[in-house]
Amino acid sequence: MSARRRYGRRQRLRTADIAALLSGGRALKRPGFSVLFRANLLGVPRLGLIVPKRVFPRAVDRNRMKRLLRELFRAQQARLGSRDILIRLTVGTVVLAEVERCLAGSS
């Protein structure tokens, strides 16, 4: 797997970056989730995920959803440019194809 397609430490948002996105990022709101994004100066796209326990009470379900969302990001990161992206789930039924369309539309 090429380094460009990995999801490594450089592609993860930190707590301060998530707070900045929540307070000042552009948002695409859809039923079940919202995608917040803003440009960064790092040259790589970065991803943060918010999957609340009240939406997915079982840890196995939260972790599965995070794995699926990370895989969507990993597959599209070459097209995303240099931006920070935060995906926040609000209900338990999320259509992954819709999340993928929002990621593609944010670039």
Output wanted: per-residue J couplings in Hz (rounded whole) for region 68-73, from phi through Karplus 6.51 cos²θ - 1.76 cosθ + 1.60, θ = phi - 60°, x for Gly and Pro. 5, 5, 4, 5, 4, 4
Going by amide H atoms built from the backbone, whose H comes under 5 Å of the H on R30, apart from near neighbours? V35
Just L41, L13, L21 to compare: in a GNM of the chain, with alpha carbon springs under 10 Å, which one fluctuates most? L41
What value, in deg cm²/dmol to 500, does the helix sum -39500 (n - 2.57) over DSSP H runs of n ≥ 4 give at 222 nm once divided by the residues of the chain? -12500 deg cm²/dmol
What ranking do S82, S34 get, fewest neighbouring Cβ atoms within 10 angstrom at the top? S82, S34
Pop out the ³J(HN,Hα) list for region 9-19 in order, Karplus 6.51 cos²θ - 1.76 cosθ + 1.60 with θ = phi - 60°, rounded to Hz; leave Gly and Pro as x. 4, 5, 8, 9, 6, 9, 4, 5, 5, 5, 4
Just the number, please: Stokes-Einstein D of the chain in µm²/s, Kirkwood Rh from C-alpha pairs, 4 °C, 1.567 mPa s. 93 µm²/s
Return V91, V44 ranked ascending by Cβ neighbour count within 10 Å, so the fewest neighbours appear first. V91, V44
The long-range amide H neighbours of R12, using H built 1.01 Å from N in the peptide plane and a cut-off of under 5 Å, are L47
Enumerate the amide H contacts of N40 below 5 Å, restricted to partners 5 or more residues apart or on another chain; note that Pro and chain-start residues carry no placed amide H. R83, D84
Karplus-derived HN-Hα couplings along region 47-54 (A = 6.51, B = -1.76, C = 1.60, θ = phi - 60°), whole Hz, x at Gly and Pro: 10, x, 10, 10, 10, x, 5, 6
Of the DSSP beta bridges with both residues in the chain, give the percent that are antiparallel, rounding to the nearest 5. 65 percent
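Read the figures in this text as sums done on the coordinates, not as results from a lab. Computed from a predicted model, the values in this text were never measured in an experiment. A quick note on method: Cβ atoms are made from the backbone with ideal geometry, for glycine too, and the neighbour counts reach across all protein chains shown.
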